[in-house]
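Participant: Handing you a structure now.
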Amino acid sequence: MSRITGLEPYVLRYWETEFPHLRPESSKSGHRLYSQKDLDNILQVKQLLYKDGFTISGAKKKLRGRSRHDAAAAIEQAKKEIRQLLAILG
């Protein structure tokens, strides 16, 4: 993952302690197994910290705000789809 993201392994391990959504799976031998979602999250944190100039604390707040917004948007989309289904049914 270090080669893909351009980050040192110790930086990734530190970020895992600071950002709850960065939790890669572990193999039986203890190696970290990163998914595409993990990679996307890491690159998002990297963008906030290195390009946008956020502090760790600021990046956490920004990500929390995004997740709340994403959840609210998903709920609204689900409500819309349920209304459409109810209209079709009757």
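The values are calculated or read from the model by the stated rules, or taken from the named source; none is laboratory data. Not measured: the values here are computed from a predicted model. Cβ: placed from backbone, ideal geometry, glycine included. Neighbour counts: every protein chain shown.
Participant: Taking the stretch 22-43, which residues are free of Cβ contacts under 8 Å to residues at least 24 places away in the same chain and of a type in the set (A, V, I, L, M)?
Facilitator: Hits for the stretch 22-43 are L22, L33.
Participant: Looking only at the stretch 9-21, how many residues end up being free of Cβ contacts under 8 Å to residues at least 40 places away in the same chain and either within 16 Å of K61 (Cβ to Cβ) or in contact with a Ser or Thr (Cβ under 6 Å, 6 or more places away or on another chain) (or both)?
Facilitator: 3
Participant: Is it the case that some residue within the stretch 28-43 is on the phi > 0 side of the Ramachandran plot and over 16 Å from the mean Cα position of the chain (by Cα)?
Facilitator: Scanning the stretch 28-43, I find at least one residue that is on the phi > 0 side of the Ramachandran plot and over 16 Å from the mean Cα position of the chain (by Cα), so the answer is yes.
Participant: Tell me which helices (runs of 4 or more DSSP H) are completely within the chain and hold 2 or more residues being at pLDDT below 90 and surrounded by 10 or more Cβ atoms within 10 Å (Cβ to Cβ), or say none if there are none.
Facilitator: 56-89
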